[in-house]
1. For each pair in Lys129/Lys438; Lys129/Lys409; Lys365/Lys407; Lys344/Lys547; Lys375/Lys409, compute the distance between the two Cα atoms and list the pairs where it is over 19 Å.
2. What is the gain in length, in nm to one decimal, between Leu279 and Glu216 on full extension, counting 0.36 nm per residue of separation less the C-alpha to C-alpha distance?
3. So what are the three principal axis dimensions of the stretch 449-551 from its Cα atoms, in whole Å, longest to shortest?
4. With unit charges on the beta carbon (Lys/Arg positive, Asp/Glu negative), name the residue among Ala444, Ser427, Gly495 whose Cα is farthest towards the positive pole of the charge dipole of the stretch 415-501.
5. What longest range of the chain stays clear of loop-exposed chymotrypsin sites (Phe, Trp or Tyr not before Pro) (DSSP non-H/G/I/E/B, at most 14 other C-beta within 10 angstrom)?
6. More than 38 Å apart: what percent of Cα pairs in the chain qualify?
7. So what's the back-of-envelope 222 nm ellipticity for the chain, counting only DSSP H runs of four-plus at -39500 (n - 2.57) apiece and dividing by all residues, rounded to 500?
8. For the stretch 526-563 and the stretch 430-460, what is the centre-to-centre distance using only Cα atoms, to the nearest Å?
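Since every read-out is calculated from the coordinates, none of them should be taken as a lab result. Because the structure is predicted, anything quoted here is derived from the model rather than measured. Cβ sites come from the backbone with ideal geometry, for glycine too, and all protein chains shown count toward neighbours.
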Amino acid sequence: MSEEKRKLSKKQRALGLLRVAKITYKAAPGAVFIKFIGTLINAILPIVTTYFAALTTTALAEAYSGDTTAGGRAITYVIITAALGVAMTAWSSLENYLNQYVRYKINAAVSDRLYEQFLSLDFWRYDDKHTADIYDKAKQFANFFGYIFDSLASIFTSFITLLAGLIALLFVSWWLGLILVAAVIPGIVIQFKLSRAQTKHWNENVETRRALNMIEWNMFVIDKIAELRVYGVVRHLLDLRMKLRDKDEKERISFERKYIGKQLGADVIEAAAEVTALLYTTLQIIAHAQPIGQFLYVQQVVSRAMGGARSFVSQINSIDSDIANLFDYQEFMDLPTGASRTTKLHRQPRLITLDEVSFHYPGSKTLVLDDVSLKIERNQHIAIVGENGAGKTTLIKIILGLYSPIKGKVLLDEHDLAQVDMASWHSYLGVLQQDFVKYSFASAKDNILMGNVSVPMNQEHFEAALDRAEARTFLEKLPKGLDSFVNQWMEHNDGTSGVDLSGGQWQRLALARNFYRDSPVIILDEPTSAIDALAESRIFKHLFAEKNRTVITISHRLTTVERADVIYMMEAGKIVEQGTHKELVAKKGAYHHMFESQLRESEK
Ligand code: ADP
């Protein structure tokens, strides 16, 4: 994204802050109201307390110099000051609780909305770089939203503290107020400049941080480390990580260093202003122009007001990049979702039709599917074959509706898939892809039950799924049988460790999950590549024996493919041959060529 667009104007920043307040108010209105009152209390109560403490000092001085009525006044003021002190302590305990409550409410509401939105996006967006960019930032924003609101409340408190201090000083002398304003301005300007530089740096280094995160979180993980070490790339990645980290962090720190001198200058101006104010007050008291308590009052109010100004600026500074993320959050939340897909399927389609479908992935011009037409009838068994990169998986993604064709149509009976509600289509499908999900936090049994979480467990389907996927024998042999965790890092209550499964075992488990779903359409994308050929052959023999299910499979094994009713041979995004195994072998074309060696094997 261009730097132009990233820069926040003052208006945008102010709008952003307002929006934070609005989102928060929607999430927890009561808590926000109490917090608002609380910030006012935080800003004003200390000044009122100081006022009474100053009155006490004056009354004591008067009693000391012989005023007989002053003693009584001093005692009254002490009692009021003490009562205010108790109120402040009580308030700070209550405030602690309130802060936690508000933070919890807000974080929950904001992150729930974020994940809902993430789940409803059109699938092509998951491959889109800009979406990934703003999702990253929106997530970051959502995680810290409660704290951002806290910062907003602190900014408000600091501002009111500064304002209340200023007004309190104006009661003493208008030019004390003027000194204060003149003293805090340089600090404010410097902090704002620093914050702008930091935001710019933050936005310019998104890529660097993403690369860093990918290395730290995706590469240095237990199940990848063996390959990394065998290839000898660990050191190389560590160096790369260091380089990326230095680029990001060092620049940031150098900004801060550049500003140390200026910051010091601003601090000196503030200190000089404070000393001037106190000297002025002292001279006034000596000249008997003001009561003695004035000194305490001015000293406290000036230091509080300056503290308020300082924290106002530093809070604004720290919230700046969060506000930038707010706009990304908003952009992400405003991305269109599949709401326009209004056709709900009420029965399994009898015919799936691809009508002259062409497709390329977003951000690329190469056609991955080129004018593909085919019809899949209900309960037909289809095999899709072809070299790697021919477009088989993409074809399946198009049938699933994860991507829409750039040309042509997918029809489910008479319905255009582009208009069909995704959830209603997917409810008829059981899909097993090569990179299936491993629920590593769950037991083997739960991994299978994830196949259908919309109804209570069906024991009969579960048992059948275990057998059909040939998963029963090895699962029952695990230390805790089917209840074993399938991840070595998980531990059972009695201290037994979970176990890691082999590639083939995982595939059987995932296959069992797919079978447990018991869907009328099963789509399998090389689901048995790591399972031995004999087992695969048995599994598909059973599957293809079922005549009440549509099966679409991608496979490189002849024994699987040859049983299909129709085989589609793909090359470079086109269907080049189609027919039964016998027909295609007789043709002696691309199919015959691809399976030649396996055909010779099977003839032996
Ligand atoms: P097959 O399943 O036949 O091996 P695929 O459908 O996976 O082939 O891939 C077909 C082509 O599309 C390949 O050239 C691959 O590089 C490209 N491709 C696959 N997925 C993506 C993606 N998410 N973004 C861009 N290109 C992709």
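1. The pairs that break the limit, which is 19 Å between Cα atoms, are Lys129/Lys438; Lys129/Lys409; Lys344/Lys547.
2. Taking Leu279 through Glu216 to full extension adds about 17.0 nm, to one decimal.
3. Here the Cα extents, ordered largest to smallest, are 46, 33, 20 Å.
4. Result: Gly495.
5. The longest uninterrupted stretch comes out as 1-219.
6. 54
7. Calculated from helices alone, the mean residue ellipticity at 222 nm is -21000 deg cm²/dmol.
8. 20
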